[in-house]
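**Q** Below is a structure I'd like to ask you about.
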Amino acid sequence: MIFISNLINESKTGSDKQETYRTLLSRHKLAMKHGFYFEALLIDYAMLEDRLVAFLWAAGVLNDADKFGLGNRRNKSQLRQLYTAYKGEDKTPVLRNISAKADMILALISFAEKDHCEDDRYLSSLYNGLRKLDLETLKGALLALDTWREYRNEVIHGAMTKNVYSLNDKLEENAAAGLAYARTIDNESKKLKRRTYIRRSVNMPVKK
């Protein structure tokens, strides 16, 4: 996910993106080894954003990985219903921030945890694909992510106002946890991406 694309060049190819991933994961390892936990947290957040987008793309929630409108004309209303049922409020999710992305995936998990018998091509495809995942592990990571995100925001936006000993107390733990959550989401998004019938059910492209 690129916010200021005119300042930093984007990855143009799959191999380019793989190289970026390898480099950042290597930097994360070095940061953890040498105690540069602020840098590790930055890499955690970037990877979490990217892997959440990957999951939502594979689920047909995003038509385009670089745009954040909800679905397309064939499944937008269904997705809104799933989100409303999970959140208990009638609104369309704005998928630009990390919490909304996580909530949307939690809404999908909630849908997959129940019996499904509707005669809807997209929902049936989505349900079948989601049921192939380790939903319990994924849900645990997403729920834990909410507290992790609050911690990370306090560090990034308020570090200079914190007691330095309290600030240092859980930096290493949270820097490691962020990457672990990202890896969990990554593992499940890769499984879902192979279920190309989900995106095909609403005529979405199956290659980025």
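The values are calculated or read from the model by the stated rules, or taken from the named source; none is laboratory data. In this text, all values refer to a predicted model and were calculated from it rather than measured experimentally. Positions of Cβ are generated from backbone atoms using ideal geometry, with glycine treated the same way; all protein chains shown enter the neighbour counts. Quick note on the areas: whole protein, heavy atoms, side chains included, nothing else; ligands and nucleic acids left out. Shrake-Rupley method; radii C 1.70, N 1.55, O 1.52, S 1.80 Å.
**Q** Looking only at helices (runs of 4 or more DSSP H) that fall completely inside the stretch 102-208, which ones have 1 or more residues that are in contact (Cβ under 8 Å) with a residue 12 or more places away in the chain and farther than 26 Å from Gly69 by Cβ?
**A** 135-158, 164-169, 171-193
**Q** When the stretch 167-186 is examined, which residues are found to be under 17 Å from Met47 (Cβ atoms) and open to solvent by less than 10 Å² (accessible area, probe 1.4 Å)?
**A** Ala175, Gly178, Ala182, Ile185
**Q** Suppose the filter is over 24 Å from Asp50 (Cα atoms) and either open to solvent by 80 Å² or more (accessible area, probe 1.4 Å) or modelled with pLDDT of 95 or more (or both); does Glu136 pass it?
**A** Criteria not met by Glu136.
**Q** Which of the following residues is assigned to a helix (DSSP H, G or I), over 18 Å from Ala176 (Cβ atoms), open to solvent by less than 50 Å² (accessible area, probe 1.4 Å) and of a type outside the set (S, T, N, Q): Leu70, Leu41, Leu48, Leu79?
**A** Leu79 is the lone residue from the list that is assigned to a helix (DSSP H, G or I), over 18 Å from Ala176 (Cβ atoms), open to solvent by less than 50 Å² (accessible area, probe 1.4 Å) and of a type outside the set (S, T, N, Q).
**Q** Taking the stretch 187-208 only, how many residues are surrounded by fewer than 18 Cβ atoms within 10 Å (Cβ to Cβ), under 18 Å from the mean Cα position of the chain (by Cα), farther than 15 Å from Ala112 by Cβ and of a type in the set (D, E, K, R)?
**A** Within the stretch 187-208, residues that are surrounded by fewer than 18 Cβ atoms within 10 Å (Cβ to Cβ), under 18 Å from the mean Cα position of the chain (by Cα), farther than 15 Å from Ala112 by Cβ and of a type in the set (D, E, K, R) number 3.
**Q** Is it the case that some residue within the stretch 148-164 is open to solvent by less than 40 Å² (accessible area, probe 1.4 Å) and at pLDDT 95 or above?
**A** yes
**Q** Right, another one. Can you name every residue in the stretch 16-38 that is farther than 15 Å from Leu179 by Cβ and open to solvent by less than 60 Å² (accessible area, probe 1.4 Å)?
**A** Across the stretch 16-38, the qualifying residues are Asp16, Thr20, Gly35.
**Q** For Asp90, only one of the following conditions fails: (1) of a type in the set (Asp, Glu); (2) under 22 Å from Leu52 (Cα atoms); (3) part of a loop (DSSP other than H, G, I, E, B). What is its number?
**A** (2)
**Q** Spot the failing condition for Asp115; the list is (1) open to solvent by 80 Å² or more (accessible area, probe 1.4 Å); (2) within 20 Å of the chain's Cα centre (by Cα); (3) of a type in the set (Asp, Glu), and only one is missed.
**A** (2)
**Q** In the stretch 82-100, what residues are open to solvent by 20 Å² or more (accessible area, probe 1.4 Å) and either under 18 Å from the mean Cα position of the chain (by Cα) or on the phi > 0 side of the Ramachandran plot (or both)?
**A** Those that are open to solvent by 20 Å² or more (accessible area, probe 1.4 Å) and either under 18 Å from the mean Cα position of the chain (by Cα) or on the phi > 0 side of the Ramachandran plot (or both): Leu82, Tyr86, Lys87, Gly88, Thr92, Val94, Arg96, Asn97, Ser99.
**Q** If you go through the stretch 2-15 one residue at a time, do you hit one that is surrounded by 14 or more Cβ atoms within 10 Å (Cβ to Cβ) and within 20 Å of the chain's Cα centre (by Cα)?
**A** No, because not a single residue in the stretch 2-15 is surrounded by 14 or more Cβ atoms within 10 Å (Cβ to Cβ) and within 20 Å of the chain's Cα centre (by Cα).
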